[in-house]
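Only one structure is covered here, and it is reproduced in the block below.
The values are calculated or read from the model by the stated rules, or taken from the named source; none is laboratory data. These numbers come from a predicted model, not from an experiment. FYI the Cβ positions are ideal-geometry reconstructions off the backbone, even for glycines, and counts take in every protein chain you see.
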Amino acid sequence: MPTDRIRVLYLDQYSRDHSRFEAFAAKHRLNYEVKVALDIEQATAFIDRHAPDMIIVDYDLEAQVDLNGLKLPSEVTFIVLVAPGNEQTAVRTFKDGAYAYLVKDQEEHYLEALPLIITQALQSQLDFSQHKQTEEVLRRSQERFKQFVSSISDHIYVTQIKPDGRVINQYISPNVEDLTGYPATIFIEDWAQWSALVIHPSDRELAARQADQLSQGQSSKIEYRLIRADGEVIWVRDSAQVKPNGSSLIVYGVISDITEYKQLEEALRAERASLAERVQERTAALTATNLELAQALKAKDEFLANMSHELRTPLSTILGMTEILEEQIYGDLTHKQLSYVQTIEESGRHLLNMINDILDISKIQANTLELHLKEVPVSTICAKSLHWVNQAAFQKQIKVQLNYHELVDSIWADERRVIQILVNLLTNAVKFTPEAGSIGLEVRSDSEHQLVQFTVWDTGIGIAQRDLQRLFKPFVQIDGSLSREHEGTGLGLALVYHLTKLHGGSIAVESEVNVGSRFTVTLPWRQGNPANLAPNLPVDTSAQSDHDPELSFTGPTLATILFAEDNQANAEVVASYLTAKGYRLIIAKNGIEVLEKSKQQKPDLILMDIQMPEVSGLEAIRRLRADQSLADVPIIAVTALAMPDDRQRCLEAGANEYLSKPVSFKELSRTIKQLLAKAPVLT
């Protein structure tokens, strides 16, 4: 209801009637503002200007008021007044939109009823307006919902599950037609069509289980296939939430098209399967490659072993003969003859060193090279290392300098390997330094960090920066003129690097082309306590000095030695030397002869070559140890193999000692005397 005055338009041709209404309103103080129109034109003009709340039309047969000519707004309510006897005419005005009619009586009772009718009409008008607004809000909300549902690809549904199990559709979004290709009315009328018509036959059992879960009040999410009207099969995800609603259940569901996702998933699965197959194939290929590599490595080791034997055997003969000649066992030599013999020996030793370098690299790669550590005077290491290069330096008129800190008196290290490191560096220094140049060996200590540094420097041709990273790779030489003008195997610096690492040290290089180079080897400096050495490095505390006097032999005046050797030249050289030393020699050319002659002549010691025909040296040693009468005979394994684990294999077979060809006769003589001194006298 409006709070200000009610604006009433009174349409009447006779002033007496509206004058009565105005007088009645004034008398009863009604909150009315009454305006009068005598005809349709005045009424229309007033309506356009003032928008009345209520229109009262005095309608009688004489006046013949044409309500169709009165253009009333839809929200304006009007009341009809008729004379007695014209009720039927008034009823017809309801078709024109009249709210009510009143019959004018002589007592003017209708005037008293008129305010009540006006009030009810206005209240009804207000209610109608509010209802219209509510309807508009609802209409707009529904329109927005429809637009939202139409804008998404997912299908939305709302169903009600009755206590008796009946399913009643409450809402199905229109885009179900886009999803299935079928009209939405099919599913609105009968929800069972969803399963019977579109769900793939193979997935209907799964959908039925979902329906059972929903009827029990359990929410569910499943994936299944649909068959569209055009026959296309698509994948959907059906996500349903269940909410109680009195005795019934309301299911709010969303069905999403996941065909593209499934296709990607299948493609990914296929790609994974393909990848797994490729990995399997690659693994098989790698396994085959590794097998081939292992076979190649085995073949390489066998080749090196065989080559070692083939090279060391003639070297044994050459070096053995030079040693005999140098000792002048068979007569004196002139100075020139002795010089030639020494040159032959030096060349043989050089060849032997190259063979040893190759074998050392093999041992390093196989992780079988061991260090024999002991306390070694630094002065001895330096002196022996320089001794190896003094002659070569003298021939090129190269000045050699030695400078070491007196505080560094000794270190714990493998003497032979440290000398090997320094000799390789010093040899390179002499090789790459022009005549009349200089080389040097410096030794410095770092007491704070317990380190000792050996630096070999030269004034040679230097190394370009781009080549420094390639220095320590095996079988690699700096290309260009160096590889053509200077001899070498490319193994020296690789050995230096690995031997330094085995000692727990490091190596650094400084070099400038045409100026010179400095190689600095840094080793741990631990004095007097082998327990402080790096872990896993064997410590040899019983090694004899190279300058120890030969041990005296306390056994029989003449010892019998059985020498197993299939190479006649080598056998003759060794036999000649040992015979000159007072031993009686028995020669066996194969493993069978070793076994037979050992049983027959009971030798005091056996020199066993490992690679022999008929029966190998290792097998012969095992058979000798199995014979109770020969089990204690000292056996020295003499072999040219010198490969990783060869020493261990020989000792495990039963040998007492292991010597690698070519054998130094002085070392052989000392080893024989050591073993004979410990051996029991055979009877």
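Observations on the structure shown:
- Evaluation of G231 against the conditions (1) over 26 Å from D164 (Cβ atoms); (2) modelled with pLDDT of 90 or more; (3) within 43 Å of the chain's Cα centre (by Cα) shows that the sole unmet condition is (3).
- For segment 344-400, a residue qualifies if it is closer than 21 Å to L502 by Cβ and of a type in the set (K, R), and the qualifying residues are K363, K374, K384.
- Within segment 570-584, not a single residue is within 60 Å of the chain's Cα centre (by Cα), within 20 Å of G617 (Cα to Cα) and charged (D, E, K, R).
- The residue that is modelled with the lowest pLDDT, among those in segment 99-117 that are surrounded by fewer than 17 Cβ atoms within 10 Å (Cβ to Cβ) and charged (D, E, K, R), is E107.
- Scanning segment 170-184 for residues that are under 26 Å from Q216 (Cβ atoms) and surrounded by fewer than 16 Cβ atoms within 10 Å (Cβ to Cβ) returns Q170, Y171.
- Meets criteria (over 16 Å from R312 (Cβ atoms), surrounded by 14 or more Cβ atoms within 10 Å (Cβ to Cβ) and of a type in the set (V, I, T)) for I355: no
- Qualifying position, being over 17 Å from Y110 (Cβ atoms), surrounded by 18 or more Cβ atoms within 10 Å (Cβ to Cβ) and modelled with pLDDT under 80, among L61, L70: L70
- Complete set of residues in segment 172-194 that are of a type in the set (D, E), under 20 Å from I250 (Cα atoms) and not in a loop (DSSP other than H, G, I, E, B): E189
- Subset of segment 603-634 [in contact with a strand residue (DSSP E or B) (Cβ under 8 Å, 6 or more places away or on another chain) and assigned to a loop (DSSP other than H, G, I, E, B)]: P603, D604, I610, Q611, M612, V633, P634
- Residues in segment 420-438 that are within 13 Å of Q397 (Cα to Cα), of a type outside the set (A, V, I, L, M, F, W, C) and out of contact with any Asp or Glu (no Cβ under 9 Å at 6 or more places or on another chain): P434, E435.
- Some residue of segment 406-421 being part of a helix (DSSP H, G or I), in contact with a strand residue (DSSP E or B) (Cβ under 9 Å, 6 or more places away or on another chain) and within 19 Å of E510 (Cβ to Cβ): yes
- Checked against (1) at pLDDT 75 or above; (2) surrounded by 12 or more Cβ atoms within 10 Å (Cβ to Cβ); (3) within 26 Å of R29 (Cα to Cα), V91 meets all criteria but (3).
- Selection of segment 227-253 for residues being under 19 Å from Q263 (Cβ atoms) and surrounded by fewer than 16 Cβ atoms within 10 Å (Cβ to Cβ) yields R228, D230, G231, E232, V233.
- Residues considered: R209, R204. Of these, the only one that is of a type in the set (K, R) and more than 18 Å from I161 (Cβ to Cβ) is R204.
- Unique match (being crowded, with 19+ Cβ neighbours inside 10 Å, out of contact with any Phe, Trp or Tyr (no Cβ under 7 Å at 6 or more places or on another chain) and of a type in the set (S, T, Y)) among S339, S385, S347: S385
- Considering only residues in segment 587-610 that are more than 20 Å from Y658 (Cα to Cα) and in contact with a Leu (Cβ under 8 Å, 6 or more places away or on another chain), the one that is surrounded by the most Cβ atoms within 10 Å (Cβ to Cβ) turns out to be K597.
- Residues that are among the basic types (K, R) and either under 60 Å from the mean Cα position of the chain (by Cα) or modelled with pLDDT under 75 (or both), drawn from segment 328-368: R349, K363
- Condition met for D96 (in contact with a Leu (Cβ under 6 Å, 6 or more places away or on another chain) and modelled with pLDDT under 75): yes
- Residue within segment 498-506 that is in contact with a strand residue (DSSP E or B) (Cβ under 7 Å, 6 or more places away or on another chain), at pLDDT below 90 and assigned to a strand (DSSP E or B) present: yes
- Just so you know, in segment 436-452 the residues that are under 45 Å from the mean Cα position of the chain (by Cα) and crowded, with 19+ Cβ neighbours inside 10 Å include one that is modelled with the highest pLDDT, and it is V452.
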